[in-house]
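Student: Right, I'll just put the structure down here and ask away after.
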Amino acid sequence: MARIARALVSVSDKTGLEGLARALAAAGAEILSTGGTAKALAGWGIAVTAVGDYTGQPEILDGRVKTLHPKIHGGILGIRGEASHREQMAHHGIGPIDLVVVNLYPFEQVIARPQTTLAEAIEHIDIGGPSMVRSAAKNHADVTVLTDPDDYEEVMAEIARAGEVSAATNRRLAQKAFALTARYDAAIADYLATAAGDEPFGPSARLVGVKVQDLRYGENPHQRAAFYRDAAPLAEPSVTSARQIHGKELSFNNLVDANAALELVKEFRVPAAVAIKHMNPCGVAVAAELVDAFSKARASDPVSIFGGIVAVNRVLDRATAEAMQDLFLEVVIAPRVAPAAMEVFRSSKKLANVRVLSLDMDEEVDLFDAAREAWRGAAGRSRDVKRVVGGFLAQDRDLAEVDVTKCEVVTTRAPSADDLAALDFAWRVCKHVKSNAIVVTSRDQVIGVGAGQMSRVDSARLAIMRAGQARLATANTVAASDAFFPFRDGLDVLAAAGVGAVIQPGGSVRDGEVIAAANEHGMTMILTGQRHFRH
C-alpha cells in the first residue's frame, strides 16, 4: 500500500494517542479528527483538521451524526487500484483516507455499572465508530485500521522503517477490528434482550472472548487449547485478571483449579487458605494469621495437597511462603504477593516452578468485599455456562448466601453459637464441592471431604475416612450436605463418627425420618431451604 497521507483519528480511550499522532505528523500525514479527540490533539500542539471542516457538514443531533458522510466513507472504502473508484472520488472531491484510528464508546463498561439506565446505555451505543472501523477493515488492502492502543507501537515502527504498513499487519488489524465490532454488537443485543428485566435469558446468546494465551494442551496432551477472558469487562477479581509473576507456564488444568480455589477463598472475610485438587477442596481453614490458616488447611489433607493449587485471601507474606517450601505445589494465587514472599519463591528449589498469580489488589481492599460488591453490580447478568455437544446451558452463577442464624432448627437440641459458626464455615465450603458432597469441619478447619460420589452415604463414609487418614478427630465436629439426605443412612454414618451438628437444605419426602434420626443421636440440625448442587 501507499504511504499514509491522511489519517482519521476519533477515540474514546486516548491511551498512547499523543505518541501516535506525533509520529503521523512527523511522517507528513494530515490528521482529521472529531470532538474531544480533536481538542486533545490541538492541546498537544498537533495540527488537526476537524471532520466538519473537511466534509463541509457540521456535526448535528448532539454529535450523533458527524462522520457518516461520503467524504469520510468514500475516502476509506475507495479501492486505490480501481480506475473507476479513483475517477468517482475525484469527481466528488473525495480524498483517500489511509489510516483509521477508532475505539468505540465504552458501552460494555457503562452497562456494567448497576446504576446505568436504559436511556444512558442507548446513548453509549456507537454508530459512526463501528461504521468507520468496518469500512476500513473491509478495505484493508489499502487502509490501516487501529482499534487497540497496544498496536500503535508496531504501526509507528513500520511507518518509520518503510514509510507504510505491511499487508500482513493490515490483515491482522482488520481481523481484530471485525472481532471488536462483532463483540460490540453482541453486547448491545444481549443487553437489550434482557434490559426490561422480565426476560433474564434472551432469545439468543453469544459467547465472546478475547484470547489471553495459547496453552500447551487441554485437559490431556492430545487436546489443543487456549485461554480466553470474557470480552465484557469484569469488576470482580478473577483468574482472568490475575498476573503471573513466577513459575512455569500455566496449563489448562492449572487455570480450572485456580478458578475453583479463588472462588472458594472469596467466601471468607477472615484470613483463609484453600487447597484444591482436581476441582475439589482438600483443605480449607481460617485463622487470625494467614500462615496459621495455611498450616491448618494443609493439615486437613497433607497427602492430597501435594501437586495442588493454593489460594489465600490476604497479601501472601514471607511466613506463609516459607510454610510452603517443602511442598510441591502447582499454583499459588493471592490478592497481592509481598516482595519478601517473592524472595522465598525465587530462592527455594521446591518452589522454583510453582506458578504464582497476583490479583494486584490494593492492600486495603478485602477480597470478600470486592467479590460481593461485584456480585451486587452484576445485577443478575453474571452467568455460568456449561457446554454440551452442539450447544450450551446458561444459568445465573450460584452466588446465593445463607444466614445460618435464620435457618430452621428442626431438632430438639438447638445449635450453640459455636455450632452456628462451624455450620456457617462448613456450608461455605460445601457449596464448592462436587455433588454429591459431604463436608465435615470444625469451626475453622476442614476435617474431611466426601466429593462426587454417586450415593450420599458413600460421600459421608468418604469424608470420615479421609479425616481418619489425616489423623483428624471427628468428635464434636459439624457436617454440611449440599442437598437433602434421601435416607437416614448418611446421617447415621456421621453420627457414629461423633459429628454433633448438621446443616442441609431439607426437602426430602423422608425429612421426618432423617430429623428423627438426628434426635435419636442427640444431634442438632438446621435446614437452609437452599441446595448447592455442583455438577
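Student: Among the residues that make up region 95-102, is at least one of them among the small types (Gly, Ala, Ser), in the same structural domain as residue 145 (by TED's automatic domain parsing) and surrounded by fewer than 15 Cβ atoms within 10 Å (Cβ to Cβ)?
Tutor: no
Student: Just one of 143, 165, 133 is closer than 13 Å to residue 103 by Cβ and in the same structural domain as residue 14 (by TED's automatic domain parsing); which is it?
Tutor: 133
Student: Please determine, by comparing only the residues of region 19-57 that are part of a loop (DSSP other than H, G, I, E, B) and either outside the structural domain of residue 132 (by TED's automatic domain parsing) or within 20 Å of residue 70 (Cβ to Cβ) (or both), which one is nearest to the chain's Cα centre (by Cα).
Tutor: 34
Student: Select from region 173-203 the residues that are under 21 Å from residue 126 (Cβ atoms) and of a type in the set (D, E, K, R) and write down the one among them that is surrounded by the fewest Cβ atoms within 10 Å (Cβ to Cβ).
Tutor: Among those residues, the one meeting the criterion is 185.
Student: Could you pull out the residue among 186, 179, 174, 235 that is part of a loop (DSSP other than H, G, I, E, B) and either farther than 29 Å from residue 434 by Cβ or touching a residue at least 40 places away in the same chain (Cβ under 8 Å) (or both)?
Tutor: 235
Student: Filtering region 286-317 down to residues that are of a type in the set (Gly, Ala, Ser) and within 21 Å of residue 247 (Cβ to Cβ), which residue is surrounded by the most Cβ atoms within 10 Å (Cβ to Cβ)?
Tutor: Only one residue fits best here, namely 311.
Student: Turning to a different aspect of this structure: Looking at (1) within 27 Å of the chain's Cα centre (by Cα); (2) surrounded by 21 or more Cβ atoms within 10 Å (Cβ to Cβ), which is the one condition that is false for residue 372?
Tutor: (2)
Student: Follow-up question, since we're still on this one. Scanning region 109-143 for residues that are charged (D, E, K, R) and in a helix (DSSP H, G or I), which turns out nearest to residue 61 (Cα to Cα)?
Tutor: Here the answer is 123.
Student: Still on this structure, please answer the following. Mind telling me which of the residues 494, 527, 462 ends up being at pLDDT 95 or above and touching a Cys at 6+ places or on another chain (Cβ under 7 Å)?
Tutor: From the options 494, 527, 462, the qualifying one is 527.
Student: Collect the residues in region 470-488 that are farther than 19 Å from residue 454 by Cβ and surrounded by fewer than 24 Cβ atoms within 10 Å (Cβ to Cβ), keeping them in residue-number order.
Tutor: Of everything in region 470-488, those that are farther than 19 Å from residue 454 by Cβ and surrounded by fewer than 24 Cβ atoms within 10 Å (Cβ to Cβ) turn out to be 470, 471, 472, 473, 474, 475, 476.
Student: With respect to residue 373, is the statement that it is of a type outside the set (Gly, Ala, Ser), closer than 25 Å to residue 425 by Cα, touching a residue at least 40 places away in the same chain (Cβ under 8 Å) and not assigned by TED's automatic domain parsing to the domain that holds residue 440 true?
Tutor: Against the criterion (of a type outside the set (Gly, Ala, Ser), closer than 25 Å to residue 425 by Cα, touching a residue at least 40 places away in the same chain (Cβ under 8 Å) and not assigned by TED's automatic domain parsing to the domain that holds residue 440), residue 373 qualifies.
Student: Also: Of everything in region 252-290 that's assigned to a loop (DSSP other than H, G, I, E, B) and touching a residue at least 40 places away in the same chain (Cβ under 8 Å), which residue is nearest to residue 453 (Cα to Cα)?
Tutor: Taking the candidates together, the pick is 279.
The values are calculated or read from the model by the stated rules, or taken from the named source; none is laboratory data. In this text, all values refer to a predicted model and were calculated from it rather than measured experimentally. Every residue, glycine as well, gets a Cβ built from its backbone with ideal geometry; the counts of neighbours run over all protein chains shown.
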